[in-house]
Structure formats: structure tokens, C-alpha cells
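The values are calculated or read from the model by the stated rules, or taken from the named source; none is laboratory data. All of these numbers come straight from a predicted model, not from anything done at the bench. No Cβ is skipped: glycine too gets one built from the backbone with ideal geometry, and neighbour counts run over all protein chains shown.
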Amino acid sequence: MPLSLVLICQVCTTQHKHKNSFVFKFCGFLKLRNTRCTPAYGCQPLTVAARNISFSPRQVTSDASFHSASFSDTDHPRVLITGGLGQLGVGLAKLLRKRFGKYNVILSDIRKPPSNVFHSGPFIYADILDYKNLREIVVNNRITWLVHYSALLSAIGEANVSLARAVNITGLHNILDIAAEHGLRLFVPSTIGAFGPTSPRNPTPDVCVQRPRTIYGVSKVHAELMGEYYHHRYGLDFRCLRYPGIISADSNPGGGTTDYAVQIFHDAFKSGKFECNLKPDTRLPMMYIDDCLRATLEVMEAPADTLSMRTYNINAMSFTPEELAQELQKQMPELEVTYDVDLVRQAIADSWPMNFDDSNARKDWSWKHDYDLPELVQTMLNYFSTDACLARAN
Ligand code: AKB
């Protein structure tokens with residue numbers, strides 16, 4: 001069948017002649033694959049069905065292809081962040097708003113936001129288990145990037161497997177479908193927890209055996225594989241970083257195995273004592289939140305042709321509870337640290353990487369961390385001392 005072949009840029013809607021495009025036959029539909037027409041945000045390799053098909057992504061057929069829409073007349077992406085009230089969402093919204101404008105970044109959650117968050121920029125209710133709710137948000141707000149932070153972490157996931165399965169797996173399916181249906185650039189974080197006891201642990205490369213033993217880890221391997229599958233099958237612009245344990249001062253993690261590395265700062269300032277739930281010599285990869293959020297923005301902005309893979313390890317430092325305590329004690333010598341091991345968390349930590357090999361991220365999109373252990377501790381101490389001073393003054 002002769003086709004009039006035209007490519008439509010997802011963002012600027014410019015129509016391009018097919019001269020440089022790669023045409024291939026796929027399940028009865030002729031499709032075109034084009035490179036980005038401009039480096040504008042959201043422009044991406046695009047797969048357009050040459051013949052109209054109409055279906056719901058809820059019932060993907062073997063010959064299905066997702067249509068992409070055009071959404072934006074500016075150069076800025078319109079970003080939706082799910083699970084926005086967790087450890088990372090508010091910080092990421094702040095960073096993205098600085099770059100793309102306050103009203104181009106929407107934070108969402110199913111919980112009520114504290115007033116400072118509510119007043120700092122757009123916030124809406126979004127339930128990732130409700131597909132229609134998600135679709136309405138994406139359409140009404142002309143979303144072009146989706147950062148999917150909703151998830152139950154490792155320790156809490158083990159305490160509530162069915163909820164973790166629903167949120168981390170069923171929720172992810174909704175997110176993938178909505179992103180593919182609307183041609184979004186999708187970021188889903190993965191984790192050191194996506195590896196298991198049979199993975200090489202020191203260092204752990206990007207591609208190796210992944211047999212995690214937690215529902216969190218299983219759901220994250222599933223997310224990596226599904227995202228990459230949608231990328232290859234439907235042209236979804238899926239991007240994924242495997243985060244180490246993230247350490248932040250003004251937001252708390254919840255239900256993770258690496259949470260001790262945040263809690264120690266709170267307890268040091270509150271009581272001068274800290275009881276650690278991991279053994280003193282448990283070595284895990286860790287990262288300061290600013291590095292993590294910057295990495296996320298950088299991989300989202302990276303031109304598609306620089307990404308040789310869609311799921312990257314990122315690394316900064318690696319330490320044990322004992323080493324973290326010693327670094328803190330250099331400035332707070334009175335800090336007392338004791339150990340009362342939580343067997344569930346310890347078993348999880350013992351199955352995770354000790355060091356992460358992130359050479360591909362460094363090579364492909366020039367990833368570079370800023371914070372090592374001394375800078376991390378100094379920054380956290382500065383934050384908590386200022387905070388403590390302010391609290392005393394008020
Ligand atoms: C957890 O401990 O579960 C998370 C993670 C490393 O993914 N912080």
C-alpha cells in the first residue's frame with residue numbers, strides 16, 4: 001500500500017518528510033522512526049502508525065502502536081511527579097521549577113500536602129491505581145514528562161507485600177500505559193535493591209544477574225524490564241536510574257533499609273544517641289540528595305542518542321554505619337552509637353551491592369557526583385545546626 005509518509009514532532013508538531021527516516025514493517029503496520037526534530041524537551045524518537053488505529057492501552061494487541069500527541073508550544077516540558085510527598089518529590093519539584101518555571105511542574109500524591117509544599121507550586125491529587133484519574137491529569141495539564149516516584153520501599157514492602165505489589169507493579173503498569181498513550185518522557189527510579197545475593201556485590205555492574213529477594217526489588221526489576229520493553233516495542237522514551245540509599249536533611253525516607261543513614265543525624269541532634277538497626281560493618285552505596293536530583297534532571301535532559309542503555313547505575317560513595325558514625329564523631333565526639341540489629345533489614349542489606357559500578361552513566365551522559373562522605377556529613381551538620389538554632393530562637 002503506498003503511503004504518504006510524514007513524521008510529526010511530538011512537541012512542536014512540525015511535519016517532516018520521511019527522507020532520513022527508517023521505515024520498517026511491523027505486524028502489518030508501516031511505521032516511521034525519526035530522530036528528534038530539534039533538541040527541544042520532549043522531542044524524542046517517535047513511532048507513528050501510518051494507519052489510524054484506535055484502542056485502549058489497557059488492551060494492547062500484538063499489532064498495536066501508541067499514538068503520540070502534541071502538547072507544548074514552549075521549549076519547557078510540563079512535568080508531573082507522582083508520589084510527590086516522599087523523600088525526593090519536593091526537592092525534585094524545586095529543582096525542576098527553577099529550571100522550567102513554577103507552573104510547569106506539578107507535584108502529586110494521595111496525601112494532603114503540608115502548607116509550605118501546597119503554597120510552593122501546583123499540587124494535585126493523583127492516585128496511580130486509578131487510570132482515568134491519571135489520564136485526566138495528563139490531558140488537562142498537557143503533561144510531557146512524568147517522574148514516577150510512588151513506591152513502597154524495601155523494609156515496608158516486606159511488611160505489606162500485597163500493597164507493595166499493587167503500588168509498585170499494578171501502579172507501574174498504569175504509568176507505562178499512560179506514558180506510552182500520551183508520548184511522555186518517563187522517568188522511573190530503580191535501586192540497589194534491584195540486585196540480590198547472587199549478583200556481584202563489589203562492584204555491581206549495570207548488567208548482571210538480578211535475583212532480588214524482596215518484593216521491592218522484584219517490582220523494580222519488573223519496572224526496568226517493562227520500561228525497556230515499552231521502549232523497544234512502542235518507542236516509549238523510558239529513562240531509569242538505579243539510586244543508592246539517598247540521604248537528605250529536610251525530607252525523611254520511610255520504610256527503607258538505608259534509612260539509618262538519615263536517622264543518625266536526627267538522633268544525634270535530638271539526643272546525642274543513636275541505635276543502629278544494621279551491623280556496624282554493613283557496607284552500602286549511598287548518595288546525597290542533591291546529587292541524586294541533579295542526576296535525575298541530567299538523564300532526563302540527555303539527548304536520546306547519548307543513551308546507550310535505558311537503565312543506569314549511579315554512584316557517589318559507599319560506607320558502613322561505623323564509618324558514618326566515625327565521620328560524624330569528628331565533629332560531635334559525644335555522639336553515642338549502639339547497635340540493635342533488625343534481622344529483616346540486615347538480611348536485605350546483606351543481599352545488596354556494597355559498591356556500584358556507574359561507569360556507563362559517567363561515559364554516556366557525563367554523570368559526576370559532587371558529594372563524598374566528608375562533604376555529605378558537613379552539609380547535613382550545617383543544616384541541622386542551623387535548624388536547631390532556628391528552633392531554639394523561635
Ligand atoms: C531502601 O532502603 O529501600 C531504599 C533503596 C536503597 O532503594 N532507600
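Which of the residues spanning region 224-260 are assigned to a helix (DSSP H, G or I) and more than 12 Å from the ligand (Cβ to nearest atom)?
To start, the set of residues in region 224-260 that are assigned to a helix (DSSP H, G or I) comprises 224-234, 260.
Within region 224-260, 224, 225, 226, 227, 228, 229, 230, 231, 232, 233, 234 meet the criteria.
Hey, any hits in region 296-307 for a residue that's buried (at least 24 other Cβ atoms within 10 Å of the Cβ) and within 15 Å of the ligand (Cβ to nearest atom)?
Step one: filter region 296-307 for residues buried (at least 24 other Cβ atoms within 10 Å of the Cβ), giving none.
No, because not a single residue in region 296-307 is buried (at least 24 other Cβ atoms within 10 Å of the Cβ) and within 15 Å of the ligand (Cβ to nearest atom).
Would region 132-141 turn up any residue that is under 20 Å from residue 227 (Cα atoms), among the charged types (D, E, K, R) and at pLDDT 95 or above? Explain how you work it out, then say what you get.
Keep residues of region 132-141 that are under 20 Å from residue 227 (Cα atoms), which gives 134-135, 138.
Then drop every residue that is not among the charged types (D, E, K, R), which leaves 135.
Now drop any that are not at pLDDT 95 or above, which leaves 135.
Yes - at least one qualifying residue is present in region 132-141.
Which numbered condition trips up residue 267, out of (1) in contact with a Phe, Trp or Tyr (Cβ under 9 Å, 6 or more places away or on another chain); (2) outside any loop (DSSP other than H, G, I, E, B); (3) touching a residue at least 40 places away in the same chain (Cβ under 8 Å)?
Result: residue 267 passes all but (3).
Does residue 224 meet the test of being modelled with pLDDT of 95 or more, among the acidic types (Asp, Glu) and under 30 Å from residue 342 (Cβ atoms)?
Working: modelled with pLDDT of 95 or more: yes; among the acidic types (Asp, Glu): yes; under 30 Å from residue 342 (Cβ atoms): yes.
Answer is yes for this residue.
Would you point out the residue of region 110-129, among those that are out of contact with any strand residue (DSSP E or B) (no Cβ under 6 Å at 6 or more places or on another chain) and either touching a residue at least 40 places away in the same chain (Cβ under 8 Å) or among the basic types (Lys, Arg) (or both), that is nearest to residue 227 (Cα to Cα)?
Of the residues in region 110-129, the ones out of contact with any strand residue (DSSP E or B) (no Cβ under 6 Å at 6 or more places or on another chain) are 110-112, 114-121, 125, 127, 129.
Restricting the remaining residues to those that are either touching a residue at least 40 places away in the same chain (Cβ under 8 Å) or among the basic types (Lys, Arg) (or both) gives 111-112, 129.
Values: 111: 27, 112: 29, 129: 18 Å.
Taking the candidates together, the pick is 129.
Is at least one residue of region 252-267 among the acidic types (Asp, Glu) and crowded, with 17+ Cβ neighbours inside 10 Å? Outline the logic, then answer.
We begin by selecting, within region 252-267, every residue among the acidic types (Asp, Glu); these are 259, 267.
Adding the requirement that they be crowded, with 17+ Cβ neighbours inside 10 Å leaves 259, 267.
Yes; the residues of region 252-267 include at least one that is among the acidic types (Asp, Glu) and crowded, with 17+ Cβ neighbours inside 10 Å.
If you take the residues in region 165-200 that are in contact with an Asp or Glu (Cβ under 9 Å, 6 or more places away or on another chain) and within 14 Å of the ligand (Cβ to nearest atom), which one is nearest to residue 242 (Cα to Cα)?
Here the answer is 190.
Quick check on residue 193: is it crowded, with 20+ Cβ neighbours inside 10 Å, of a type outside the set (S, T, N, Q) and in a helix (DSSP H, G or I)? Explain how you work it out, then say what you get.
Details: crowded, with 20+ Cβ neighbours inside 10 Å: yes; of a type outside the set (S, T, N, Q): yes; in a helix (DSSP H, G or I): yes.
The answer is yes for residue 193.
Looking only at region 261-294, which residues are over 29 Å from residue 146 (Cα atoms), of a type outside the set (A, V, I, L, M, F, W, C) and within 15 Å of the ligand (Cβ to nearest atom)?
Passing the criteria: 263, 277, 282, 283.
Among the candidates 378, 326, single out the residue that is within 17 Å of residue 283 (Cβ to Cβ) and at pLDDT 95 or above.
Numbers: 378 fails: within 17 Å of residue 283 (Cβ to Cβ).
Unique residue meeting the criteria: 326.
Which of the helices (runs of 4 or more DSSP H) contained wholly in region 278-394 include at least 1 residues that are more than 27 Å from residue 198 (Cβ to Cβ)?
Details: elements: 289-301, 321-329, 343-350, 359-365, 373-393.
Because the criterion is at least 1 residues that are more than 27 Å from residue 198 (Cβ to Cβ), the helices (runs of 4 or more DSSP H) in region 278-394 that meet it are 289-301, 321-329, 359-365, 373-393.
Take residue 152 and decide whether it is hydrophobic (A, V, I, L, M, F, W, C) and under 30 Å from residue 362 (Cβ atoms).
Working: hydrophobic (A, V, I, L, M, F, W, C): yes; under 30 Å from residue 362 (Cβ atoms): no.
Against the criterion (hydrophobic (A, V, I, L, M, F, W, C) and under 30 Å from residue 362 (Cβ atoms)), residue 152 does not qualify.
If you take the residues in region 209-220 that are crowded, with 20+ Cβ neighbours inside 10 Å and touching a residue at least 24 places away in the same chain (Cβ under 8 Å), which one is nearest to the ligand (Cβ to nearest atom)?
Just the residues of region 209-220 that are crowded, with 20+ Cβ neighbours inside 10 Å, to begin with: 212, 214-220.
If we keep only those that are touching a residue at least 24 places away in the same chain (Cβ under 8 Å) as well, we get 212, 214-217, 219-220.
Working: 212: 11, 214: 8, 215: 11, 216: 6, 217: 9, 219: 11, 220: 8 Å.
Residue satisfying both the conditions and the ranking: 216.
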